[in-house]
1. List the residues, sorted by chain then number, that are 5 or more residues from VAL227 or on another chain and whose placed amide H is less than 5 Å from its amide H.
2. Amide H neighbours of CYS292 under 5 Å, counting only residues 5+ apart in sequence or on other chains, H built in-plane at 1.01 Å?
3. In whole Å, how far is the Cα centre of region 302-323 from that of region 248-272?
4. Rounded, prolate or oblate for region 225-271? Axes are the square roots of the Cα gyration tensor eigenvalues, ordered a ≥ b ≥ c, and the cut-off for rounded is a/c under 1.5.
5. Taking 7 Å along the Cα-to-C-beta vector as the label spot, tell me the GLN260-LEU111 distance in nanometres, rounded to one decimal.
6. From the phi of every residue in region 334-346, what ³J(HN,Hα) in whole Hz does the Karplus formula 6.51 cos²θ - 1.76 cosθ + 1.60 yield, where θ is phi - 60° and glycine or proline is x?
7. Over 26 Å, how big is the tail of the calculated P(r) for the chain, in percent of all Cα pairs?
8. Calculate the dipole size of the chain relative to its Cα centre from +1 charges on Lys and Arg beta carbons and -1 charges on Asp and Glu beta carbons; express the result in debye to the nearest 20.
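No lab work stands behind these numbers, since they all come straight from the coordinates. From a predicted model like this one, the values you see are computed outputs, not experimental measurements. Cβ: placed from backbone, ideal geometry, glycine included. Neighbour counts: every protein chain shown.
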Amino acid sequence: MMDVPALPRVIWDTTFAQREWTGTHIYTRNLYHAVAATQRVTLQELRRARASHGAPRRGALAAAQNILWLTRGLERALNARAPDLLHVAAYVGPRRAPCPIIANIFDITYLAYPQDFDWKWRAYARWVIPHTARTAAAIVTLSEHARGEIIRAYQLAPERVHIVAPGIGSEFHPPIALSAVEKSRAQYNLSADYLLYVGAANERKNISALIAAFARLRADFPRLTFVLAGHPFSSSDKVTQALRAHAVENAVTRLAYVPQADLTLLYAGARAFVYASKLEGFGMPPVEAMACGTPVVAAPNPPLPDVLGAAAHWADDDSPAALARAIRRVLTDETLAQTLRARGIARAQMYTWQDAARKTIQVYENVLQNKTS
């Protein structure tokens, strides 16, 4: 009887992908499980040990522990386990490894918008990420635009950078019961007539322009409200300042992180999902909204035109006036809204975790083949 070849052993370091409900965390969790489900590799997850109680450590201590993990802890763990590959889940890899490295670098927004990141990530961007990018056997990113930016920023050979777009979970796909949507509205005290934004609140997300666009619509749509979900807001941030400047505080509901099951219902209940980000690696929220059958209005900034295609209604640019015109069109043209719903559902079905896993396995196989050739 012939011996069955052992499956390649791949370790994932998820130390830098642990912030709950961020796009990085969701991508890592779902892709890891999808790759494991193929049964074509043996996976093991590693991460820097954290305190088992209390809040996560932040600041200088956490940064020092992370660097110690990269320079000692992770290298020791890899030497002890001797994997065939190391898959770095989020940007930052070790100085040395006993095996080839595959690194997820989703975008380079930390270079274009450094003000959106804390000092630790700015330090990683300057000292650690360039080394990871240049020494990894392969880079995984999310879109053609992000791929081009990474190649240019780190002067990489194009064949080393691969696109593995995220999937959209089955929980975001219709049918979604109207009674569940109405219950969700009541739970969060929402009107039946709202626009929705989901995502972070940093500068590149351009939420201030969305608020200004919403303010322009209020005279003609007095019952319309705006829901901002996905990030806690403070009383001194720029979003709050924009709400006050445009006198729409009472018409805007600000929610922090929303459980995944509730998020599906928030998407489904919205008149439209609006997105005006200046720059993304991919842009998962508008695709999730499409999967829930919600019309999407977006600014044509990269890589959204490639990701969303003709399934979104595009503003001419990301200014408040252009966004208001585009949103108005969707709110007043039911034929257009229905077309966007149908196109959006079809577009979202293009993005599956099974396809992402298949492409990831192909990257593994290519790297292993080059290792032995």
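1. LEU195, LEU196, TYR197, THR253
2. The answer is none.
3. Using only Cα atoms, the two centres lie 21 Å from each other.
4. Taking the square roots of the gyration eigenvalues as a ≥ b ≥ c, region 225-271 is oblate.
5. 3.2
6. Once rounded to whole Hz, the list reads 5, 4, 4, 4, 5, 4, 5, 4, 5, 5, x, 4, 5.
7. Values: 37346 of 69378 pairs.
So the portion of pairs separated by more than 26 Å is 54 percent.
8. Numbers: 42 positive and 30 negative charges, 194 e Å.
With only Lys, Arg, Asp and Glu charged at Cβ, the dipole is about 940 debye.
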